[in-house]
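In what follows, a structure is listed as C-alpha cells, so that the remarks can point back to it.
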Amino acid sequence: TQLLEQSPQFLSIQEGENLTVYCNSSSVFSSLQWYRQEPGEGPVLLVTVVTGGEVKKLKRLTFQFGDARKDSSLHITAAQPGDTGLYLCAGLLYSGYALNFGKGTSLLVTP
Amino acid sequence: EAQVTQNPRYLITVTGKKLTVTCSQNMNHEYMSWYRQDPGLGLRQIYYSMNVEVTDKGDVPEGYKVSRKEKRNFPLILESPSPNQTSLYFCASERPGQGINEQFFGPGTRLTVL
C-alpha cells in the first residue's frame, strides 16, 4: 500500500519556469522529508519538515508541510537544468520507525 | 569524507547463484537499511538494522538476508537470486536528529538476474 502519492509523476519544463510538486496522503505523519535523486546516484536529503504548516526555503526551493500533517508541497522558482532529477517525499508515521517513500516526481528542465 | 559505499555497483548473475552486496559507512551510525527501487514502485525497504546484531524485516524481505556483525558494515545476501530480484539496490545509514532522521544513501547497486 502506497501511503504517499506524489504528483505529477513526470514534469518537463523549460528553464525559468516555476513548478510545484505535491505529496499527499490520508495518513498523518510526524515529519516529512524531501530527497532529490540524480541518475546513477542515491537520493540526497533536501529538507525535513516537522511542524504542521511549516514552510522552509532552500534557495529557489520552497517546502511546505500541510496543517493537518497529511501532505506537503515542493515549489521551485525559476527552474534551472541543474534541478533535473527525481524528487522523492518520505514520511514517518507516528506509529512506525521506517520511512515511507512516495514513488517520486521525475523533473526535466531543458535550457 | 562522510559516505556510504556499496560494492559492486553493477552485477549481472544467473538464477540461483548466491551473491552478496556489501555496504559500509564511516559515520558511526547505528541505524542502517537496505532498499530496492523499481520503476512504478518507488523505494521499498528490504531490511533494517537498529544496531550491531539487531536486524528486522522491512516491507519486502522475501529472498534476502542481512547481517550486522559490526557497526560499519551491513551486507545484503541473496542466497538464491531470481529474476524478480532484478532491481536497483540502495544501502542507507541514518543520522539521528530531531523528529525524522536523515538518511544517507549509497550510490546504488544495479543487479540483473538472468
*Just B:Phe74, B:Phe90, B:Phe104 to compare: in a GNM of chain B, with alpha carbon springs under 10 Å, which one fluctuates most?*
B:Phe104
_Beyond 32 Å, how much of the Cα-Cα pair distribution for the protein assembly as shown remains, as a whole percent?_
19
*With the Cα gyration tensor of chain B in hand, convert its eigenvalues to equivalent ellipsoid semi-axes via √(5λ) and list them largest first in whole Å.*
23, 14, 13
*asked:* For the interface of A with B, what's the total buried accessible surface in square angstrom, probe 1.4 angstrom, rounded to the nearest hundred?
replied: 1600
_Top of B:Leu76, B:Leu41, B:Leu88 by mean-square fluctuation, Gaussian network on chain B, Cα under 10 Å_ = B:Leu41
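Could you compute the net charge surrounding B:Lys57? Neighbours are other residues with a C-beta less than 15 Å from the C-beta of B:Lys57; K and R count +1, D and E count -1.
Net of charged neighbours comes to +1.
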_Accessible area (Å², per residue) of chain B, counting only protein heavy atoms and a probe of 1.4 Å_ = 49
*Going by accessible area, probe 1.4 Å, with all protein chains left in place, what is the ranking of A:His75, B:His29, largest first?*
A:His75, B:His29
*GNM, chain A, Cα, under 10 Å: largest mean-square fluctuation among A:Ala90, A:Ala79, A:Ala68?*
A:Ala68
*Report, largest value first, the span of the C-alpha coordinates of chain A along each principal axis, in whole Å.*
44, 28, 20
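The values are calculated or read from the model by the stated rules, or taken from the named source; none is laboratory data. Worth saying up front: this structure is predicted, and the values here are computed from it rather than measured. Please note: Cβ atoms are built from the backbone with ideal geometry, for glycine as well, and neighbour counts cover all protein chains shown. These area figures cover heavy atoms from the full protein model, side chains too; ligands, DNA and RNA do not enter into them. Shrake-Rupley method; radii C 1.70, N 1.55, O 1.52, S 1.80 Å.
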